[in-house]
Structure formats: structure tokens, C-alpha cells
1. Hey, does the stretch 72-88 have a residue that's acidic (Asp, Glu) and either free of Cβ contacts under 8 Å to residues at least 12 places away in the same chain or farther than 22 Å from Ile175 by Cβ (or both)?
2. For the stretch 227-241, enumerate the residues that are without any contact (Cβ under 8 Å) to a residue 24 or more places away in the chain and not aliphatic (A, V, I, L, M).
3. May I ask you to say which residue of His241, His228 is surrounded by fewer than 22 Cβ atoms within 10 Å (Cβ to Cβ) and outside any loop (DSSP other than H, G, I, E, B)?
4. Any residue in the stretch 186-199 that is under 15 Å from Cys233 (Cα atoms) sitting within a Cβ distance under 9 Å of a residue that is of a type in the set (Phe, Trp, Tyr) and not in a loop (DSSP other than H, G, I, E, B)? List the pairs, counting only those 6 or more apart or interchain.
5. Let me confirm something: among Thr53, Thr49, which residue is of a type in the set (S, T, N, Q) and more than 26 Å from Arg276 (Cβ to Cβ)?
6. Glu219 passes all but one of (1) buried (at least 16 other Cβ atoms within 10 Å of the Cβ); (2) assigned to a loop (DSSP other than H, G, I, E, B); (3) among the charged types (D, E, K, R); which number fails?
7. With the stretch 136-206 as the region, which helices (runs of 4 or more DSSP H) entirely inside it contain at least 1 residues that are of a type in the set (D, E, K, R)?
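Just so it is clear, none of the values below were taken in a lab; they were calculated from the coordinates. Because the structure is a prediction, the values reported are computed rather than measured. Note: ideal-geometry Cβ built from the backbone for every residue, glycine included; neighbour counts use all protein chains shown.
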Amino acid sequence: MFRASAGRINPGPGPHEQHRRELLHRIRIPLVAPHRIAVTSIKGGVGKTTVSTLLGLVMAEHRGDRVIAVDANPDAGTLADRLTGESAVTVRELLRDLHRIHSWTDISRYTSLAGRLQVLASEQDPAAGDAFSREEYEDICQVLDRFFDIIITDSGTGLVHSAMAGTLALADSLIVVGAPTVDGAGRASKTLDWLLAHGHETLAAEAVAVLCCDRSSSEVDRTRIRHHFTARCRAVVEIPHDPHLAAGGQVSLARLRPATRDAAYELAALMGDQFR
């Protein structure tokens with residue numbers, strides 16, 4: 001109508017545009033202190049790194065403050081591969097040089113950049129991964145808190161690993177990742193059970209469950225799985241299958257299908273709700 005009337009009649013934004021504006025408003029909620037988001041699951045291969053990647057890219061693109069994604073996987077994590085392709089400098093080098101970090105220039109030597117998102121790669125030698133302890137993770141966060149407003153941690157799969165204990169102890173909010181399959185949903189549910197049994201009741205109740213739909217089965221009732229997590233968590237987001245994500249290469253928001261991009265924005269908005 002706007003084009004047909006040569007601009008004389010402007011019906012205003014449609015429902016989709018209004019929804020997108022509302023999501024952006026929630027994503028951009030100001031912070032008064034650094035906020036740490038942990039992305040976790042008791043099971044590997046369900047999409048934790050994909051979720052961390054999407055959340056980090058959306059947050060960094062639409063906020064004016066500084067966002068960093070940290071790969072805390074002790075088993076040669078792939079977060080940097082999905083975002084920048086650079087992993088020559090890792091968390092191990094940063095730990096070694098913590099006493100030298102006094103400025104933004106200093107910290108930026110240990111990160112790579114994906115758009116406006118800073119990325120801290122994990123140790124790429126699995127034999128050295130066990131050395132990443134709770135105390136070292138806490139030391140890393142203490143430094144990052146000085147330079148970044150949002151810290152997104154892509155965790156490993158071992159909930160009893162020392163670094164995971166530090167991740168959960170410092171987390172302000174939590175994302176539990178699963179899949180709409182028997183094992184993927186079951187493991188995500190067991191992650192919530194473990195959190196409840198180990199003193200993380202508030203984190204579990206306020207968590208957002210994310211179901212990555214790269215794997216699915218006609219024998220699984222996805223609606224029932226969604227209802228299960230809706231009853232246990234603050235919200236549930238489904239990341240649809242997307243060929244760009246399935247390729248396993250560097251992720252670009254512009255190359256995602258619209259439904260996938262919408263899901264990433266919905267997740268970022270849900271996390272922004274906890275910035276109030």
C-alpha cells in the first residue's frame with residue numbers, strides 16, 4: 001500500500017516487524033554489572049557450541065557494550081572454529097599471562113573477532129585440558145569482568161569437571177541444550193536433575209532450554225518434549241535444522257534461514273530479560 005500510494009499511505013510496521021522490534025528492545029536492555037551466561041548439557045554433540053555461537057553473534061551485533069564468548073571445553077572445543085577460525089592463542093596463554101593484563105589492548109591480544117563478538121579459544125591439546133581447573137576459570141572471569149559486559153561460556157560435557165563447578169558457581173543465567181530425540185531430551189532433563197541435586201535450584205528454574213533440531217525422529221513427540229521442558233524451565237526455544245549450521249563451518253547470521261535467525265533472536269531476548 002505504501003508503494004502503491006507513492007508514500008501517501010503508510011500502514012506502519014506489520015506484525016513481524018513489530019515482533020522484531022520488541023525482541024531488539026529486550027536484547028538491548030542495559031546492564032549495570034557484568035552478566036555471565038553458561039551454556040551447558042550433560043551430553044556432548046547436542047549443539048552447545050552452536051547455541052553459544054548464535055547467542056554471541058546476536059548479542060554482539062545489537063548491543064553497544066562488549067560481549068565475549070569463552071570456550072571452556074577441556075576437550076579441544078570448536079567455538080573459535082565456528083566463529084573466527086582462529087585458535088592459535090587460547091585460554092592457556094591467557095592464564096599464563098594474567099598478571100600482564102592491564103588494558104583493553106592487553107586482553108585483545110588473546111581473543112579473536114567475529115564481527116563485534118570477541119572469542120576466547122579453548123586449549124586445543126586434549127592432554128592439557130584437565131589442567132583447566134575451577135580456580136583458573138574463576139581467575140579468567142575475574143579478568144574478563146574488567147573488560148566485558150556479557151560473558152558467554154560454552155561449557156564442556158562433564159558436570160563434575162572442576163571448570164564446570166566454577167562455571168556454575170559464577171553463572172548469572174543458564175542455557176541447557178538438548179535435542180528432540182530420546183537421548184537428547186533425556187540428557188537435558190538429567191542435566192536439570194543434577195542441577196537441582198547439587199544446590200543450583202535457582203539456576204535450573206530460571207534456565208532456558210534450547211532444543212537443537214538437527215536430529216529428529218518421527219517416533220518422538222516433539223510437542224510432548226517441549227511441554228516437559230516448559231514445565232521445568234523459564235522458557236523453551238527450538239533451533240530448527242539449518243543447512244548452514246549443519247555444514248559445521250564458520251557461522252554467519254546472514255546465511256541462516258529466516259526461521260533459524262528468528263530463533264536466535266528469541267533466545268537472545270530471553271537472556272536479555274534477565275538483565276533487568
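1. Of the residues in the stretch 72-88, the ones acidic (Asp, Glu) are 75, 81, 86.
Subsequent filtering for residues that are either free of Cβ contacts under 8 Å to residues at least 12 places away in the same chain or farther than 22 Å from Ile175 by Cβ (or both) retains 86.
Among the residues of the stretch 72-88, at least one is acidic (Asp, Glu) and either free of Cβ contacts under 8 Å to residues at least 12 places away in the same chain or farther than 22 Å from Ile175 by Cβ (or both), which makes the answer yes.
2. Answer for the stretch 227-241, where residues must be without any contact (Cβ under 8 Å) to a residue 24 or more places away in the chain and not aliphatic (A, V, I, L, M): His227, Thr230.
3. Sole residue among the options that is surrounded by fewer than 22 Cβ atoms within 10 Å (Cβ to Cβ) and outside any loop (DSSP other than H, G, I, E, B): His228.
4. Ala188/Phe229; Ser189/Phe229; Leu192/Phe229
5. Thr49
6. All conditions pass for Glu219, except number (1).
7. Values: elements: 162-170, 182-197, 201-205.
Passing ranges, in order: 182-197, 201-205.
Residues are listed down the side, and each one gets a yes or a no for (1) buried (at least 19 other Cβ atoms within 10 Å of the Cβ); (2) in contact with a Cys (Cβ under 7 Å, 6 or more places away or on another chain); (3) more than 19 Å from Ala165 (Cα to Cα); (4) of a type in the set (D, E, K, R):
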{"position": "Ser41", "(1), (2), (3), (4)": "yes, no, no, no"}
{"position": "Val46", "(1), (2), (3), (4)": "yes, yes, yes, no"}
{"position": "Gly56", "(1), (2), (3), (4)": "yes, no, yes, no"}
{"position": "Met59", "(1), (2), (3), (4)": "yes, no, yes, no"}
{"position": "Arg63", "(1), (2), (3), (4)": "yes, no, yes, yes"}
{"position": "Asp71", "(1), (2), (3), (4)": "yes, no, no, yes"}
